[in-house]
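Report on one structure; see the data block that follows.
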Amino acid sequence: MCGLVGFFAYSAHAPSVCRTTLVAMRDRMIARGPDGAGLWIAPDGRAGFGHRRLSIIDPSDAGAQPMSTSNGRYTIAYNGEIYNYRELRSELADAGIVFVSDSDTEVLLHLYARHGAEMLTRLRGMFAIAIWDAVKRSTFLARDPLGIKPLYYANVGGAVRFASQVKALLADPAIPRTPSAAGLAGFHLMGSVPEPYTAWHAIRALPAGHWVAITPDGVQEPLEYARIASVFAGAASLTVSDADVRTALRDSVRHHLVADVEVGAFLSSGVDSGALIGLMRDCGQHTIRACTLAFAEFAGASQDETPGAIELAQNYGVDHHIRTVTAAEFADDMDAIFDAMDQPSIDGINTWFVSKACREMGLKVALSGLGGDELLAGYSTFHSVPRTLRYGGPLSRIPGAASTARMLIRTLAPRFARKNPKALGVLDYAGTWAGAYFLRRAVLLPFELEGAMDPSLARAGLEELASLRPVASSIEPDPGSDNGRVCTLELSNYMRNQLLRDSDWAGMAHSIEIRVPLVDFSLLQALAPRIASLKPGEGKKLLANAPTVPVPAAIVDRRKTGFGIPIGGWLRGGAEHLEDRRTSRRWAQVVHARYDQSTTGHSTR
């Protein structure tokens, strides 16, 4: 796990690489790679890569980056892990390739030399890749199918800059600081910035499952090589047994344990993290260190993760560490949190603290149960979104029904409207899958946006974003089932734009590589036929029973709470800790103001 930056002056009129700027961009990400730093600049000065290294696989100097082939044609800077690199390395060795390291980086370099972009469909892992071809004078950028690892680029003045973090690109003074109307509108609507937008107009995210070529003609159109909706659309005729599910889950965990350093785990009181620890045992890991967050505000309440986590730790013989986080520590860490927050998000604070705790334990790698709810129909969205369509859809098609309902709710039930603000928009969005999902996940609705940000910026953002377009496009082609549609919507939106992105910046801020065995494209392909037919609760029971020693029934039957924090009470200065539907709105305003100040020194409010 690392951080990469790069520069390619494709136009003859663009300036050459500025070594000082490239180093500044690279070292803005020092926490991503405290174990080493590398720099490469092409002989003619028109291209350059920088790299920060967190040594996980082959920590020797032979695995350092940027790395070039012996003939100098290809040079790579890469962030992530390729879990099947040993199989690919063996295949390349059989074809006569001589390796000088045991790194996955060198495998990628030779694989690209032989297969070009076609190599992407053979990779299992999380990755953002940049490869320079000195003969074609082009740069190849690629990102993993589910978007676990980020990659951003800015095309300014005939030169492209790219990096693992938005804030690394902002270290280059040549990149304009104009806010993105669509990106900021998307943040206020959904709690995170939807790709390919970022918070900055000049910077774009390379979409997950895409690659792009930058040639002497400029930045080409990104090309898609993997799509979640297509996995479900093509899986309808297949069958998957319970035994197949267990085999696929164990296989994913086995791949995610590939490392030359210790692999620990995040442990909540839920099925996802508990089952992963049981599967780690099944895969032969004898010593498992795991960390749980505790909060005095949750003591004795249903949100307290510690009793269930203790039961799971005892069930699997885990070296268990409980880390208490206080309101005072949260306040002390606020400046550091917003300095590390790469794009505005209403989530990620829990990951910040559990990553901090894991680093205090001396870990570099930790498995997270992220993805279990999306993959195995654990969220309430798997029944609430279809239900909204079923009951609200017909009413939403009645002319004037939405505005009439909004007026009646405000007039007859003002207190209900204040406590349940999204109720005002039910009939605006209940008629489509994208609308019903948006209603469930939205922080604000479009008609509320001008009250949260600069009105002109809000209007421009809504026009560019067309609010539901990114959501609607994610379920094309049709996944073919209610579960398949909701799973695709969750993985392509909430998971990708918020949970995974937050795991990246919050984990990397503490030099912790977070691995997510339940967010794995090969696993998704294996389970897709079964996901389509899962009944409520069935998916979590399958996961709970996957380890040889199952997750205890008391954990399986426990009401879902998530890996939460008492941020509502902290924002209210220690008042009652119970969260409500307005907490995310209050926190979004704090994030908006603090993120702006951390990057520009002023606010776009």
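Points to keep in mind about this one:
- Placing unit charges on the Cβ atoms only, positive for Lys and Arg and negative for Asp and Glu, gives the range 1-100 a dipole magnitude near 420 debye about its Cα centre.
- Exposure proxy ranking for LEU238, LEU363, based on other Cβ atoms within 10 angstrom of each Cβ and starting from the fewest, stands as LEU238, LEU363.
- Over 25 Å (Cα to Cα) - which of LYS422/LYS560; LYS167/LYS364; LYS356/LYS541; LYS167/LYS419; LYS419/LYS560; LYS149/LYS560 fall in this group: LYS356/LYS541; LYS167/LYS419; LYS149/LYS560
- Cα shape, the range 150-300, gyration tensor, a/c 1.5 rule: prolate
- Options PRO479, GLY308, GLY400, ranked by Cα towards positive dipole end of the chain, top entry (Cβ charges): GLY400
- Working note: Karplus 6.51/-1.76/1.60 with θ = phi - 60° gives the range 88-93 the couplings 5, 5, 4, 5, 5, 5 Hz, where Gly and Pro are set to x.
- Descending Cα extents along the principal axes, the chain, whole Å: 74, 57, 54
- The range 67-149: translational diffusion in µm²/s, Stokes-Einstein, Kirkwood Rh over Cα pairs, 37 °C, 0.692 mPa s: 256
- Sequence-distant contacts, meaning Cα pairs under 8 Å at least 6 residues apart, place the relative contact order of the chain at 18 percent.
- Ratio Rg/Rh [Cα only; Rh per Kirkwood] for the range 381-483: 0.98
- Listed residues THR388, ILE409, ALA434: farthest to the positive end of the dipole of the range 381-483 (Cβ charges): ILE409
- Simple rule: put +1 on each Lys or Arg Cβ and -1 on each Asp or Glu Cβ in the range 2-226, find the dipole, and look at THR69, ILE56, SER11; the Cα lying farthest toward the positive end is SER11.
- Check: the range 381-483 dipole with +1 on Lys, Arg Cβ and -1 on Asp, Glu Cβ, in debye: 620
- For the chain, adding -39500 (n - 2.57) for each run of n ≥ 4 DSSP H residues and dividing by the number of residues yields -11500 deg cm²/dmol at 222 nm.
- When each of SER90, SER474 is scored by the number of other beta-carbon atoms lying within 10 Å, the sequence from fewest to most is SER90, SER474.
- About the centre of its Cα atoms, the chain shows a dipole size close to 1420 debye [charges on the beta carbon of Lys, Arg (+1) and Asp, Glu (-1) only; nearest 20 debye].
- Exposure proxy ranking, count of Cβ atoms within 10 Å, fewest first, for PHE162, PHE232, PHE127: PHE127, PHE232, PHE162
- A Förster distance of 30 Å, applied to the separation of the beta-carbon atoms of THR178 and ALA14, puts the FRET efficiency at 0.90.
- Per the Kirkwood formula applied to alpha carbons, the range 2-226 shows a radius of gyration over Rh ratio, Rg over Rh, of 0.95.
Values in this text are rule-based calculations from the coordinates and carry no lab data. Because the structure is predicted, anything quoted here is derived from the model rather than measured. A quick note on method: Cβ atoms are made from the backbone with ideal geometry, for glycine too, and the neighbour counts reach across all protein chains shown.
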